[in-house]
Amino acid sequence: MHTASAFAPLFAGLDFGRGGALWPVAALILGILAVAAVVYLYVREAGRIPVGARVAMAAVRVAIVAAVAFLLIRPVLVSDESTEKLRPVVVLVDVSQSMDAVDPRPGNDDQARAAIAFGLLPIGGLPAENVSSLVPRDQLLPAEKAKRVEIARATLTNPRFDILNRLKAVGPLEVYTFGDRRTGRDAGSDGWLRGLEAKEPRTALAAAGFELLNRDDTDAPAALVVVTDGRENGGPKSLDDLARECYRRNIPVYVYGVGATTVGQLQAAFGGATAAAAPAGTPGVSRAGADVDVPNTLFVDDTAAIPVRYTVKGVPAGTAEIVVRYGDREVATKKESFSLAPEEVRAGRTFATVVKFVPTKDDAESKKQEYSATVTITSGAEALSSTVSRPAQVVNRKLKVLVVDGLPRYDFKFLQRALLRDRRVDAKFYLTEGDKAAMRSGPPWMVDFSKEVDGVLNMDKDEFRKTLFDFDLLILGDVPGKYFTRPHQEVIKEFVTEGGGLIHVAGRWHGPAEWATAKGAAETSPIADVLPVEVEPVRFPVQALDNPVGFVPVLAPASARTQIVTLEDDVVENADLWGKPGPPPALQDPKQLKPFYWHYPVVRTKPAADVFLSHPTARTPAPEDKPMPLLAGHTFGKGYVLFVGFDDTWRWRFNTQEKYFGRFWTQAVYTAGIPRIVGTKQTQVSSNTPAPTVGTAGEVYLRAFNADYQPLGSDEVEGTLERLDAGPDDKDRSVPVTFRKVPGVAGEYVATLAYNRAGQFRLTVDPKNKSLAVLNFPVTYPDTHELAPGPMDEPALRKLTRDSRGADADAGFYREETLHRLPAEVKPQAVPQTARAETLLWNEWAMIALIVLLTVEWVLRKFNGLS
């Protein structure tokens with residue numbers, strides 16, 4: 001210890017107006033003057049008092065004056081002592097909602113960790129034997145089913161570990177819980193641990209750490225000891241930021257990781273493995289079913305192939321059972337074994353398979369027109385299940401299609417091949433400008449339509465009606481306007497009104513220009529009446545003067561309500577196929593479809609029509625001024641009409657053959673033609689959110705018709721949203737939903753749903769037209785949500801501990817089998833500090849000395865006869 005003494009003024013409480021820092025000097029001067037005065041006075045007493053008495057009294061008086069001057073300057077004896085101070089050890093315990101999760105523990109190691117935490121097994125390592133043979137089942141089961149926070153509580157209160165008390169030997173202990181905020185706890189007692197709950201909505205470990213690091217070096221922690229599952233999701237700072245700051249401040253992080261390293265997860269979906277994103281041979285993806293489309297229409301006695309994929313995480317190996325149902329009937333079952341490589345256990349692996357069954361006539365009459373697939377994986381005692389469903393109608397006969405075009409355009413040629421190969425379609429074809437001998441040669445040509453005179457179909461109205469009504473769908477291409485007389489066109493209009501389907505593929509030379517209504521015309525064409533768009537006659541040059549600019553159609557908002565433009569089962573991959581609004585980029589995205597180079601301009605869409613594809617730059621003329629429709633549809637009477645404003649789909653066959661071309665036309669043909677067989681749905685409901693997650697919102701669309709298949713006229717339609725997996729006492733199990741009419745669109749309604757809870761939901765809508773509509777959908781948590789299923793983030797926690805030391809060594813991370821080493825590996829850190837001791841010399845002893853001196857002086861003066 002180094003001690004230095006000095007007399008120094010202590011100015012606290014002094015009135016600096018009386019002298020301030022000069023006051024000690026003034027006191028000293030006054031003291032000297034007072035001593036001089038005393039000497040002078042006693043010298044004058046030389047004749048009356050002996051010399052010895054005068055010297056004694058003068059000495060006492062000088063001492064008194066010196067004592068008063070001494071008291072006036074308030075002297076302090078100062079001593080400095082240099083010592084070392086131990087930095088505190090800070091313990092942070094995670095109490096966020098993710099710590100309330102219960103981890104499945106099918107593996108022996110995870111079971112042993114739970115048993116060690118609860119004191120059922122000795123500390124110091126994992127047993128080689130099966131845990132069930134070491135611990136009675138009735139004791140082991142509660143440990144296996146414990147929440148993460150309960151595991152942490154059991155460990156921190158386990159006397160075999162004695163974590164908190166052993167850390168107190170390293171340095172002063174500070175204990176906090178954290179989640180969305182940091183809360184101080186009593187380090188001297190574990191009473192707070194007994195009632196510990198995990199209720200905080202976020203894990204803000206980085207934020208809590210930075211709060212503790214925001215101290216000077218004297219008070220900064222020697223180490224951060226964190227008890228967490230690592231599900232960091234709160235605050236602007238990341239765990240990497242925290243690690244860098246800890247390394248800079250020389251504050252290592254020690255982590256006790258709570259929870260299973262892998263948690264079994266299963267997600268089922270329809271469709272093959274992601275073909276575009278994962279080429280053949282990609283690890284982690286099975287390719288089965290990659291080229292099988294998800295069917296929307298099934299046919300009686302025709303084998304239906306249902307592609308199913310499922311993604312497994314956290315389960316190293318097991319058995320998967322795929323059960324397919326149509327309606328409530330189980331129609332197919334398939335079992336297969338699976339195994340994951342170590343790196344796939346965490347990242348997950350997608351498996352795909354194809355399940356086949358043959359629909360029956362009973363399925364065609366089922367009230368529940370949908371099929372579902374339930375995937376159940378079993379690994380030891382653990383079983384996980386996931387179910388998906390899809391609306392699909394069973395048709396009890398082939399779809400009969402009649403295709404009439406002018407010249408054999410490329411789209412006609414390839415569509416003819418696709419329809420002839422489809423065993424569920426019975427197709428006939430006719431070319432008004434084709435070779436007449438070929439047209440009369442027999443199937444697949446429509447011989448009856450070869451009865452024409454001067455390019456006009458020579459068939460009376462009744463005969464034409466009988467012929468046309470034998471089909472379910474009429475596809476009209478670039479057909480000359482005069483080929484079908486007005487009576488023929490009236491029959492086509494009746495055909496659609498009574499449930500037949502119509503697809504019009506626009507052409508450059510005749511249709512729809514020769515059916516369009518010219519400006520100022522008093523009468524409209526019957527075929528133009530049924531189209532979902534309004535067009536005007538447009539003539540195109542034989543050879544354009546400028547090179548055409550290619551464009552890729554853009555998905556319109558209504559595209560979410562149809563399968564026609566769903567060319568990939570994965571939502572993201574399907575969106576990548578289509579274009580984006582605005583001018584085309586200089587270099588086309590290779591993921592996109594091949595561009596088109598021509599379209600037929602539309603004046604406007606009709607009320608209640610849906611636009612599925614639009615032009616990226618062209619717009620309809622004012623006053624509508626909307627993106628130019630390229631693909632639009634609507635219900636006319638009982639039938640469905642589709643307008644195709646392009647004839648370049650054959651370009652999609654480049655390098656993909658029938659994958660996109662065939663799927664587009666198959667879905668278009670089924671969409672327009674099937675209502676003729678099964679009837680048009682009077683109530684149709686769809687969502688614009690294919691995979692809703694908690695915290696988001698989405699719109700649900702309703703299309704409703706009355707008994708005469710006219711758009712419903714009411715302003716609102718009521719529905720009910722039911723949570724299927726809610727408890728019986730859940731007051732929000734069923735809530736009303738109100739659909740409001742979309743302005744300017746007859747028969748269409750919309751409702752906004754807030755997805756604020758996870759679970760399985762069913763939306764039921766009843767427009768009072770004797771046709772209920774049901775929409776089933778799941779709502780899941782986002783991956784970063786506290787309640788999203790997932791394992792402890794061991795890689796992130798190991799990186800945090802490693803980077804906080806700036807070393808490559810994997811140190812500072814502990815599980816239950818190594819946790820006993822943690823207190824011994826936390827190293828104390830001390831910082832130098834100087835302690836200053838101040839002793840007041842103007843205390844009571846100084847006053848006593850002054851009084852004694854005054855008394856002595858009084859006595860001396862009395863003995864010498866002085867007053």
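The values are calculated or read from the model by the stated rules, or taken from the named source; none is laboratory data. What you are looking at is a predicted structure, and each value in this text was computed from that prediction instead of being measured. Quick reminder, even Gly has a Cβ in these numbers, built from the backbone with ideal geometry, and neighbours come from all protein chains shown. Remember, those area values only see protein heavy atoms, side chains included, never the ligands or the DNA or RNA. Shrake-Rupley method; radii C 1.70, N 1.55, O 1.52, S 1.80 Å.
Condition check: in contact (Cβ under 8 Å) with a residue 12 or more places away in the chain, open to solvent by less than 20 Å² (accessible area, probe 1.4 Å) and either part of a helix (DSSP H, G or I) or in contact with a Leu (Cβ under 8 Å, 6 or more places away or on another chain) (or both). Does Leu407 satisfy that? No, not satisfied. Candidates in segment 392-408 are the residues that are among the charged types (D, E, K, R) and within 46 Å of the chain's Cα centre (by Cα); of these, the one that is farthest from Glu370 (Cα to Cα) is Lys400.
Here Arg802 does not fit the description of being assigned to a strand (DSSP E or B) and in contact with an Asp or Glu (Cβ under 7 Å, 6 or more places away or on another chain).
When the residues of segment 482-499 are filtered to those that are modelled with pLDDT under 90 and in a loop (DSSP other than H, G, I, E, B), the one that is least open to solvent (accessible area, probe 1.4 Å) is Gly499. Take the conditions (1) under 19 Å from Ala260 (Cβ atoms); (2) open to solvent by 50 Å² or more (accessible area, probe 1.4 Å); Met792 misses just one of them, which is (2). With respect to the conditions (1) assigned to a loop (DSSP other than H, G, I, E, B); (2) open to solvent by 50 Å² or more (accessible area, probe 1.4 Å); (3) modelled with pLDDT of 80 or more; (4) small (Gly, Ala, Ser), Ser337 lacks only one, and its number is (1).
How many of the residues in segment 70-120 are on the phi < 0 side of the Ramachandran plot, more than 54 Å from the chain's Cα centre (by Cα) and open to solvent by 20 Å² or more (accessible area, probe 1.4 Å)?
So the count comes out to 10.
Please verify whether segment 678-686 includes one or more residues that are surrounded by 14 or more Cβ atoms within 10 Å (Cβ to Cβ), among the charged types (D, E, K, R), in contact with a Ser or Thr (Cβ under 7 Å, 6 or more places away or on another chain) and outside any strand (DSSP E or B). Yes, that holds for at least one residue. When Met459 is tested against (1) assigned to a loop (DSSP other than H, G, I, E, B); (2) open to solvent by 80 Å² or more (accessible area, probe 1.4 Å); (3) of a type outside the set (D, E, K, R); (4) in contact (Cβ under 8 Å) with a residue 24 or more places away in the chain, just one condition goes unmet, and that condition is (2).
Contact annotation: residue pairs with Cβ atoms under 6 Å, 6 or more positions apart or on different chains, pairing a residue in segment 679-702 that is closer than 17 Å to Thr752 by Cβ and hydrophobic (A, V, I, L, M, F, W, C) with a partner that is open to solvent by 30 Å² or more (accessible area, probe 1.4 Å) and not in a strand (DSSP E or B), are Val694/Tyr781. You will find that of Thr378, Thr374, Thr467, Thr432, the residue that is more than 30 Å from Val774 (Cα to Cα), among the polar types (S, T, N, Q), open to solvent by less than 70 Å² (accessible area, probe 1.4 Å) and within 52 Å of the chain's Cα centre (by Cα) is Thr378 and no other. Exactly one residue out of Met439, Met446 is free of Cβ contacts under 8 Å to residues at least 12 places away in the same chain and surrounded by 16 or more Cβ atoms within 10 Å (Cβ to Cβ), and it is Met439.
Buried (at least 17 other Cβ atoms within 10 Å of the Cβ) and more than 30 Å from Thr262 (Cβ to Cβ) - does that describe any residue in segment 348-359? So far as segment 348-359 goes, yes, one or more of its residues are buried (at least 17 other Cβ atoms within 10 Å of the Cβ) and more than 30 Å from Thr262 (Cβ to Cβ).
Each row is one residue, and each column tells you yes or no for (1) at pLDDT 95 or above; (2) farther than 25 Å from Val694 by Cα; (3) within 22 Å of the chain's Cα centre (by Cα).
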| residue | (1), (2), (3) |
| --- | --- |
| Ala187 | no, yes, no |
| Gly191 | no, yes, no |
| Val227 | yes, yes, no |
| Gly234 | no, no, yes |
| Tyr254 | yes, yes, no |
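Checked against (1) β-branched (Val, Ile, Thr); (2) under 30 Å from Tyr781 (Cβ atoms); (3) surrounded by fewer than 19 Cβ atoms within 10 Å (Cβ to Cβ), Thr656 meets all criteria but (2). Just checking, how many residues over segment 121-173 are part of a strand (DSSP E or B) and open to solvent by 50 Å² or more (accessible area, probe 1.4 Å)? Matching residues across segment 121-173 total 1. Just one residue in the set Leu121, Leu134, Leu141 is out of contact with any Pro (no Cβ under 9 Å at 6 or more places or on another chain), over 29 Å from Gly235 (Cα atoms) and free of Cβ contacts under 8 Å to residues at least 24 places away in the same chain; that residue is Leu141. Per the conditions (1) open to solvent by less than 60 Å² (accessible area, probe 1.4 Å); (2) out of contact with any helix residue (DSSP H, G or I) (no Cβ under 9 Å at 6 or more places or on another chain), the sole criterion not satisfied by Leu593 is (2).
Between Leu787, Leu721, the distinction of being within 30 Å of Gly314 (Cα to Cα) and in contact with a Ser or Thr (Cβ under 8 Å, 6 or more places away or on another chain) belongs to Leu787 only. Here segment 557-590 is the region considered, the condition is being without any contact (Cβ under 8 Å) to a residue 24 or more places away in the chain and outside any loop (DSSP other than H, G, I, E, B), and the residue that is most open to solvent (accessible area, probe 1.4 Å) is Val572.
Reported count of residues in segment 308-317, each being surrounded by fewer than 22 Cβ atoms within 10 Å (Cβ to Cβ) and touching a Ser or Thr at 6+ places or on another chain (Cβ under 6 Å), is 2.
Within segment 500-507, can one find any residue that is out of contact with any His (no Cβ under 8 Å at 6 or more places or on another chain), in contact (Cβ under 8 Å) with a residue 24 or more places away in the chain and surrounded by fewer than 22 Cβ atoms within 10 Å (Cβ to Cβ)? No, there is no match, as no residue in segment 500-507 is out of contact with any His (no Cβ under 8 Å at 6 or more places or on another chain), in contact (Cβ under 8 Å) with a residue 24 or more places away in the chain and surrounded by fewer than 22 Cβ atoms within 10 Å (Cβ to Cβ). Determine if segment 575-597 includes at least one residue that is within 36 Å of the chain's Cα centre (by Cα), among the charged types (D, E, K, R) and modelled with pLDDT under 90. Yes.
When Asp715, Asp732 are screened for being closer than 26 Å to Thr497 by Cα and under 36 Å from the mean Cα position of the chain (by Cα), only Asp715 passes. Please verify whether segment 836-850 includes one or more residues that are farther than 30 Å from Met57 by Cα, more than 26 Å from the chain's Cα centre (by Cα) and free of Cβ contacts under 8 Å to residues at least 12 places away in the same chain. Among the residues of segment 836-850, not one is farther than 30 Å from Met57 by Cα, more than 26 Å from the chain's Cα centre (by Cα) and free of Cβ contacts under 8 Å to residues at least 12 places away in the same chain, which makes the answer no.
Scanning segment 813-867 for residues that are in a strand (DSSP E or B) and among the acidic types (Asp, Glu) turns up just one, Glu838.
Report whether or not Val678 is among the β-branched types (Val, Ile, Thr), modelled with pLDDT under 90 and within 17 Å of Val496 (Cβ to Cβ). In short, yes.
Selection over segment 702-716 of residues that are open to solvent by less than 30 Å² (accessible area, probe 1.4 Å) and not aliphatic (A, V, I, L, M) gives a count of 2.
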